[in-house]
Every structure is written in structure tokens, then in C-alpha cells.
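Contents: one structure, followed by commentary.
The values are calculated or read from the model by the stated rules, or taken from the named source; none is laboratory data. As the structure is a computational prediction, the values presented were derived from the model and not from experiment. With ideal geometry, Cβ positions are generated from the backbone for all residues, glycine too; neighbour counts draw on all protein chains shown. Side chains included, ligands, DNA and RNA excluded: accessible areas come from the protein's heavy atoms. Shrake-Rupley method; radii C 1.70, N 1.55, O 1.52, S 1.80 Å.
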Amino acid sequence: SNIAHQIKTPITAISLSVQTMQKEIRKDQLAQIQKQLLRLSHLEEALLVISRLDAGTLVLEKEVVDVFTVLVLAADNLQELLKSCATSVDIPELGEVAVIADLDWTIEAVMNLMKNCMEHGSGTVYCSYMQNPLYTEILIWDNGEGFKKEDMPHLFERFYQGKNSSGNGIGIGLALAKEIIERQNGTIRAKNRLGGGACFEIRFYSH
């Protein structure tokens with residue numbers, strides 16, 4: 001019902017643009033239609049993923065996945081977005097660290113966390129990872145203002161839009177990341193760094 005409500009906005013915008021173009025074809029109206037069609041596409045994808053999660057039909061593969069590879073591929077998939085925001089992703093090579101996970105869906109989860117940091121940071125998204133006998137830890141953080149206190153309890157709720165939200169999102173990115181990670185014997189939490197900035201802490205447990 002939330003997505004059905006959100007669909008009304010781009011459809012109305014497209015309808016108005018088409019009415020205007022019937023009188024006079026303008027490039028800015030074409031750009032507006034393209035923008036709203038992209039938003040409709042994102043809403044459709046979100047609806048399909050949510051329905052698969054709720055129906056229990058989203059199957060996650062179990063394979064040995066290299067953490068550095070996950071981070072690099074996630075950043076590569078965001079290249080256009082990163083370029084448009086003049087943001088880079090700092091991914092150090094910290095030795096061989098692997099987890100048992102689904103490569104594609106874990107990349108999807110990490111991308112959503114990187115996007116959040118990209119939107120609220122100031123030029124760089126930072127990554128780090130380590131492994132001990134109990135778990136593998138992945139940290140993704142920015143150097144922005146951090147999470148608002150009132151947002152903290154709701155960050156991973158579906159459709160929640162934080163106080164500093166750009167308003168362009170759908171509000172399922174963090175919720176999806178949480179579900180993907182928790183279905184793979186993992187945990188995720190959000191915190192503010194002592195030196196400033198928002199940080200996501202992922203842990204994949206060995207047993």
C-alpha cells in the first residue's frame with residue numbers, strides 16, 4: 001500500500017509533462033519523464049523484492065565469498081552514482097577474509113549501505129574488515145554528521161525516511177540489507193563514530 005501510494009507521484013508528473021508536450025515539445029519535459037520512469041522502475045523492483053521476501057521465495061546461495069571482492073564489486077556497481085556525487089570509496093586490501101554467503105545479494109546489501117553513507121557523507125565512503133574465530137566484521141562509514149538520535153531506533157524499518165533523507169529514496173534499502181544479512185547468520189547495527197560520521201557494522205558469524 002505504501003508503494004502504491006508512492007506510484008501516484010511519478011504517474012502524475014509524467015501525465016502533466018505529456019500534456020505540456022502535446023502543445024510544445026521541450027527537452028526539460030523529456031528529462032522529467034525519464035526521471036519519473038526511472039523512479040517507477042525502482043518502485044516496481046522494490047515491490048517485487050519485498051513480495052519475494054514475505055513469501056519466503058528469495059533463495060540465498062551458500063558459497064565462499066571474498067569480502068574484498070564484495071566491497072569492490074558493490075562500489076563498481078555504484079560508479080555512476082558516485083561520480084555524480086563526487087564521492088569515492090576507500091577499500092583497503094587487508095588480506096584474505098572470506099564468509100559463507102550469497103555473492104549477488106550480499107553485494108546488494110553492501111550497495112545499500114554505501115549509498116546511505118554517500119548521501120550523508122562529504123566525499124568519501126570508508127570500508128574496513130577483519131576476522132576472528134567467532135565472526136567476520138565489515139565496517140562501512142562516512143565522515144558526515146552521523147545519525148540523528150530520533151532516527152536510530154527506526155533506521156532498518158521498511159519505508160522509514162530519516163530526518164536528513166533526500167526524499168528521493170523509497171525507504172527499503174536499509175531494511176533489505178538487514179534482512180539479507182540476518183538470513184546469512186549475520187547481524188547489522190548502525191552507530192555514530194566518536195570522531196564523527198555514521199557507521200554500519202556487519203558481522204557474519206562462523207557458527
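Annotations for the structure displayed:
- Treating r as the C-beta distance of residue 103 and residue 27 and R0 as 30 Å, the FRET efficiency rounds to 0.15.
- The packing ranking, built from the mean of other Cβ atoms within 10 Å per residue, places the peptides 78-90, 171-183, 58-70 in the order 171-183, 58-70, 78-90, highest first.
- Estimated FRET transfer efficiency when R0 is 30 angstrom, pair residue 207-residue 158 (beta carbons, to 0.05): 0.50
- Working from label points 7 Å from Cα in the Cα-to-Cβ sense, the residue 128 to residue 83 distance is 3.1 nm.
- Rel. contact order, % - alpha carbon contacts under 8 angstrom, at least six apart, the stretch 76-207: 26
- Rg over Rh for the chain works out to 1.01, both radii taken from alpha-carbon positions and Rh defined as the Kirkwood radius.
- Protein accessible area in the chain, 1.4 Å probe - carbon and sulfur %: 53
- Think of the stretch 60-207 as having a plus end and a minus end, set by charges on the Cβ of Lys, Arg, Asp and Glu; of 186, 144, 110, 144 sits farthest toward the positive end of this dipole.
- A 1.4 Å probe run over the stretch 1-143, with the rest of the protein chains in place, finds 59 Å² accessible per residue.
- Kirkwood Rh in Å, taken over all unlike Cα pairs in the stretch 1-62: 13.4
- Full extension of the chain between residue 20 and residue 3 yields a length gain of 3.5 nm, computed as 0.36 nm times the residue separation minus the alpha carbon distance.
- Per-pair calculated FRET efficiency, R0 = 45 Å: residue 194 and residue 37 via Cβ, rounded to 0.05: 0.55
- On Cα atoms only, tilt of 103-120 relative to the major axis of the chain in degrees: 70
- Only lysine pairs 8 or more places apart, or on different chains, with alpha-carbon atoms under 28 angstrom apart are counted in the stretch 1-98, and they number 7.
- Under conditions of 20 °C and 1.002 mPa s, the stretch 107-149 yields 188 µm² s⁻¹ as its translational diffusion coefficient, taking Rh as the Kirkwood radius over Cα pairs in the Stokes-Einstein equation.
- Volume of the convex hull of the stretch 1-114 (Cα atoms only), normalised per residue: 119 Å³.
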